[in-house]
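The block underneath contains the structure these notes are about, expressed in structure tokens.
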Amino acid sequence: MKFLTISGPPSSGKTSVILKTIDALKEKGYRAGVVKFDCLLTDDDKLYMSKNIPVKKGLSGALCPDHFFVSNIEACVEWGMENNLEFLISESAGLCNRCSPHIKDILAVCVIDNLSGVNTPKKIGPMLKSADIVIITKGDIVSQAEREVFASRVKNVNPSATIMHVNGITGQGAYEFASLIEDTNEIETLKGKKLRFSMPSALCSYCLGETRIGESYQMGNVRKMEM
Amino acid sequence: MSTILKEPISKIIIEKPYLSDFFESYGITVDKDDERDLDTFFNELSEDLLEDVGTTLSDLKKAFKEYLSAMEEVLENDFQVEEITIIGGFNKSNEPENFELTIKKGDVVCIVGPTGSGKSRLLADIEWMAQGDTPTKRKVLINGEKPKKEWRFSTEHKLVAQLSQNMNFVMDLTVEEFVTLHAESRFIQDVEEKVNRIIEEANKLAGEEFTKDTPVTALSGGQSRSLMIADTAFLSKSPIILIDEIENAGIDRKKALELLVKEEKIVLMATHDPILALMGDKRLIIKNGGVAKIIESSEEEKAILPELKALDNKLLELRNRLRNGEVLK
């Protein structure tokens, strides 16, 4: 099975890109499925189901979403193998822009949109900086100049990535993206694989349920701002 | 790479100012008076800082090396497209298209056909430099030759710049700041001169004048499109400009086309406007996912152009009167 991780800020167009890509993969005769990671709520699984795409949904709820991702992704790959999928796509949002679900030796894709602001590429951490492919969406509503400036900003922070434009509504670019991921390596398991980047560290009293504000309630990994 | 590592930061920043952009994008501050050599600078970055900005020393060095070579490629890039050739494939019913079309710099080709007929696919084939590996099986040649495969993914070799009706400016900048930003991203020499030229040309196309201090988000529809066309003509690196329907309102479309042609762009225009269609040298008729016919604008067709232009001018004149608060008669 070919496996890839797709991440990107909320509402950047990940689901639309994946839907159009799976259409293109289907045209090429492949069977593809999705694991969708989210925090509180998602209805995207219904969207996938309505298109007869095998889907698994994981809601992290009260847990850090990326810690939840890494503790579950191995089992998701097993699920994909059991369902005889030829492609499995994991979809997750990097909520604090410091997280990254990308795994070494597994194709890593980051989706960001042209509307998110010209400084956004700087603000996104390993999710963008360590991606192999960066997909830029919503290009149909901004000017050519903005697309070019935005793409050059992405290139500044990740010069080695393949930068593609995909339109989640018309699907322009999805066929090309599908051709690109066809070359991904086959895997059977994620056992022994490593994340590309460590997750943000946090182990403090608030992680354990503390809600009170004040110095005396703060323990563990606490850092103070310079005032 | 190994030689640059031994050079002092202060010298590097003067010789290659774009390198400070790289560090800035990572949230790492570089002091232009720093006398340390680059290697020492890298090695003295604290682990905490690297972790905070979301990278590691080895990843940062690797990205730096790639950025440096990518930039050198950008600066040396001499990608010149004189002509493109499209070799027909098959339509949705698998019937051969049987055409081979070469379009040269300064040519204007119209694309006509209803929504869903396959206009976007044709454009996507050109942009992807298809080599029989898309659903239409079309092939695209650049300057008569098969393009290199890596061009597909290189931002330096993007073939098509697109302009369409529903595009907007979303950045919170003035016209001058915005065009400057675009010019800087191209690393061109005479930024200020280019910026002034673009604003001047855009104003020739727009019905109402705007200044360099106007915020781009405050431009009217016609002003926006004028600025987009002028900016694309002078600053876009893509040799082909696709225009998806230019609305009649607020922009001199004839001048817009002339500007693009003068700047040696290849213009592809999806339009059903008879004046624009007749300004083109050829029309591609798209049906059922394929190019069904190529019509060259004949003398007979062109003979009705003066009549159409007179009609158009009449409308334009009425529109201007309305705008100036005059009475129509």
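Identify the single condition in (1) more than 9 Å from chain A (Cβ to nearest Cβ); (2) over 19 Å from residue B:212 (Cα atoms); (3) buried (at least 22 other Cβ atoms within 10 Å of the Cβ) that residue B:175 does not satisfy, given that it satisfies every other one.
Only one criterion is unmet by residue B:175, namely (2).
Being more than 9 Å from every other protein chain (Cβ to nearest Cβ) and not aliphatic (A, V, I, L, M) narrows it down to one of B:237, B:212, so name that one.
Numbers: B:237 fails: more than 9 Å from every other protein chain (Cβ to nearest Cβ).
After applying the criteria, what remains is B:212.
Please pick out the residue among A:177, A:197 that is of a type in the set (A, V, I, L, M, F, W, C), under 21 Å from residue B:151 (Cα atoms) and within 11 Å of chain B (Cβ to nearest Cβ).
Details: A:197 fails: under 21 Å from residue B:151 (Cα atoms).
It is A:177.
On the given criteria, is residue B:241 under 28 Å from residue B:172 (Cα atoms), within 16 Å of the chain's Cα centre (by Cα) and assigned to a strand (DSSP E or B)? First the steps, then the outcome.
Details: under 28 Å from residue B:172 (Cα atoms): yes; within 16 Å of the chain's Cα centre (by Cα): yes; assigned to a strand (DSSP E or B): yes.
Criteria met by residue B:241.
Quick test for you: out of A:127, A:81, A:49, pick the one residue that is of a type outside the set (Ser, Thr, Tyr) and within 14 Å of another protein chain (Cβ to nearest Cβ). Walk me through it before giving the result.
Working: A:81 fails: within 14 Å of another protein chain (Cβ to nearest Cβ); A:49 fails: within 14 Å of another protein chain (Cβ to nearest Cβ).
Going through A:127, A:81, A:49 in turn, the sole match is A:127.
In segment B:84-94, which residues are of a type outside the set (A, V, I, L, M, F, W, C) and surrounded by 18 or more Cβ atoms within 10 Å (Cβ to Cβ)? Can you show your working first?
Let us first name the residues in segment B:84-94 that are of a type outside the set (A, V, I, L, M, F, W, C), namely B:85, B:88-89, B:91-94.
Of everything in segment B:84-94, those that are of a type outside the set (A, V, I, L, M, F, W, C) and surrounded by 18 or more Cβ atoms within 10 Å (Cβ to Cβ) turn out to be B:88, B:89, B:91.
Identify the single condition in (1) in a loop (DSSP other than H, G, I, E, B); (2) touching a residue at least 60 places away in the same chain (Cβ under 8 Å) that residue B:33 does not satisfy, given that it satisfies every other one.
The number of the failed condition is (2).
Have a look at B:192, B:156 and point out the one that is assigned to a helix (DSSP H, G or I), of a type in the set (D, E, K, R) and open to solvent by 30 Å² or more (accessible area, probe 1.4 Å).
On the way: B:156 fails: open to solvent by 30 Å² or more (accessible area, probe 1.4 Å).
Only one candidate passes the filter, namely B:192.
Quick check on segment B:178-193: of everything there that is more than 18 Å from residue B:211 (Cα to Cα) and acidic (Asp, Glu), which residue is farthest from the other protein chains (Cβ to nearest Cβ)?
Looking at the filtered set, the residue picked out is B:190.
Open to solvent by 30 Å² or more (accessible area, probe 1.4 Å), closer than 30 Å to residue B:139 by Cα and out of contact with any helix residue (DSSP H, G or I) (no Cβ under 7 Å at 6 or more places or on another chain): is that true of residue B:97 in this structure?
Numbers: open to solvent by 30 Å² or more (accessible area, probe 1.4 Å): no; closer than 30 Å to residue B:139 by Cα: yes; out of contact with any helix residue (DSSP H, G or I) (no Cβ under 7 Å at 6 or more places or on another chain): yes.
So residue B:97 does not fit the description; no.
Kindly provide the set of residues from segment A:174-223 that are at pLDDT 90 or above, surrounded by 15 or more Cβ atoms within 10 Å (Cβ to Cβ), in a loop (DSSP other than H, G, I, E, B) and among the hydrophobic types (A, V, I, L, M, F, W, C), ordered by number.
Hits for segment A:174-223 are A:187, A:190.
Which of the residues belonging to segment A:152-163 are open to solvent by 10 Å² or more (accessible area, probe 1.4 Å) and either more than 7 Å from chain B (Cβ to nearest Cβ) or within 14 Å of residue B:21 (Cα to Cα) (or both)?
Going residue by residue through segment A:152-163, those that are open to solvent by 10 Å² or more (accessible area, probe 1.4 Å) are A:152-153, A:155-156, A:159-163.
If the condition is that a residue be open to solvent by 10 Å² or more (accessible area, probe 1.4 Å) and either more than 7 Å from chain B (Cβ to nearest Cβ) or within 14 Å of residue B:21 (Cα to Cα) (or both), then A:152, A:153, A:155, A:156, A:159, A:161 are the ones that fit.
What is the one condition in (1) surrounded by fewer than 23 Cβ atoms within 10 Å (Cβ to Cβ); (2) under 30 Å from residue A:141 (Cα atoms) that residue A:18 does not satisfy?
Looking at each condition in turn, residue A:18 falls short on (1).
Suppose we filter segment A:156-173 for residues that are out of contact with any Phe, Trp or Tyr (no Cβ under 8 Å at 6 or more places or on another chain) and outside any loop (DSSP other than H, G, I, E, B); how many remain?
Applying the first criterion (out of contact with any Phe, Trp or Tyr (no Cβ under 8 Å at 6 or more places or on another chain)) to segment A:156-173 yields A:158, A:160-161, A:165, A:167-173.
Right, trim to outside any loop (DSSP other than H, G, I, E, B) and you get A:165.
Final tally of qualifying residues: 1.
When residue B:161 is evaluated against the numbered criteria (1) touching a Pro at 6+ places or on another chain (Cβ under 9 Å); (2) part of a loop (DSSP other than H, G, I, E, B); (3) buried (at least 20 other Cβ atoms within 10 Å of the Cβ), which criterion, by number, is the only one it fails?
Evaluating residue B:161 over (1) touching a Pro at 6+ places or on another chain (Cβ under 9 Å); (2) part of a loop (DSSP other than H, G, I, E, B); (3) buried (at least 20 other Cβ atoms within 10 Å of the Cβ) leaves (2) as the failure.
Quick grid of which residues meet (1) over 18 Å from residue A:159 (Cβ atoms); (2) within 14 Å of another protein chain (Cβ to nearest Cβ):
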| position | (1), (2) |
| --- | --- |
| B:66 | no, yes |
| B:70 | no, yes |
| B:73 | no, yes |
| B:76 | no, no |
| B:81 | yes, no |
| B:87 | yes, no |
| B:92 | yes, yes |
| B:97 | yes, no |
| B:100 | yes, no |
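Tell me which residues, restricted to segment B:17-27, are in a loop (DSSP other than H, G, I, E, B) and buried (at least 17 other Cβ atoms within 10 Å of the Cβ). Step through it out loud before you land on a result.
First, pick out the residues of segment B:17-27 that are in a loop (DSSP other than H, G, I, E, B): B:17, B:26-27.
Result: B:26, single match.
What residue, among those in segment B:194-209 that are of a type outside the set (D, E, K, R) and within 14 Å of chain A (Cβ to nearest Cβ), is nearest to residue B:81 (Cα to Cα)?
Initial filter on segment B:194-209 (of a type outside the set (D, E, K, R)): B:195-196, B:198-199, B:202-203, B:205-207.
When the remaining residues are screened for being within 14 Å of chain A (Cβ to nearest Cβ), the result is B:195, B:198-199, B:202.
On the way: B:195: 24, B:198: 23, B:199: 26, B:202: 25 Å.
Among them, the one singled out is B:198.
Given the residues B:247, B:209, which is the only one that is surrounded by fewer than 18 Cβ atoms within 10 Å (Cβ to Cβ) and at pLDDT 90 or above? Before you say what the answer is, go through the steps one by one.
Numbers: B:247 fails: at pLDDT 90 or above.
Going through B:247, B:209 in turn, the sole match is B:209.
Looking only at segment B:36-54, which residues are at positive phi and either of a type in the set (Asp, Glu) or part of a helix (DSSP H, G or I) (or both)? Can you show your working first?
Taking segment B:36-54 as the starting set, the residues that turn out to be at positive phi are B:54.
Hits for segment B:36-54: nothing passes.
Which condition breaks for residue A:132 when tested against (1) more than 14 Å from the chain's Cα centre (by Cα); (2) within 14 Å of another protein chain (Cβ to nearest Cβ)?
(1)
When you go through (1) open to solvent by less than 30 Å² (accessible area, probe 1.4 Å); (2) at pLDDT 95 or above one by one for residue B:70, which number turns out not to apply?
Residue B:70 satisfies all of (1) open to solvent by less than 30 Å² (accessible area, probe 1.4 Å); (2) at pLDDT 95 or above except (2).
Please go through segment B:105-140 and give me each residue that is part of a strand (DSSP E or B), open to solvent by 10 Å² or more (accessible area, probe 1.4 Å) and either within 14 Å of chain A (Cβ to nearest Cβ) or farther than 19 Å from residue B:282 by Cα (or both), ordered by number.
B:131, B:139
The values are calculated or read from the model by the stated rules, or taken from the named source; none is laboratory data. Since this is a predicted model, take the numbers as computed values, not measurements. As a convention, Cβ positions derive from the backbone with ideal geometry for all residues, glycine included, and neighbour counts pool all protein chains shown. Please note that ligands, DNA and RNA were not included when accessible areas were found on the heavy atoms of the full protein model with its side chains. Shrake-Rupley method; radii C 1.70, N 1.55, O 1.52, S 1.80 Å.
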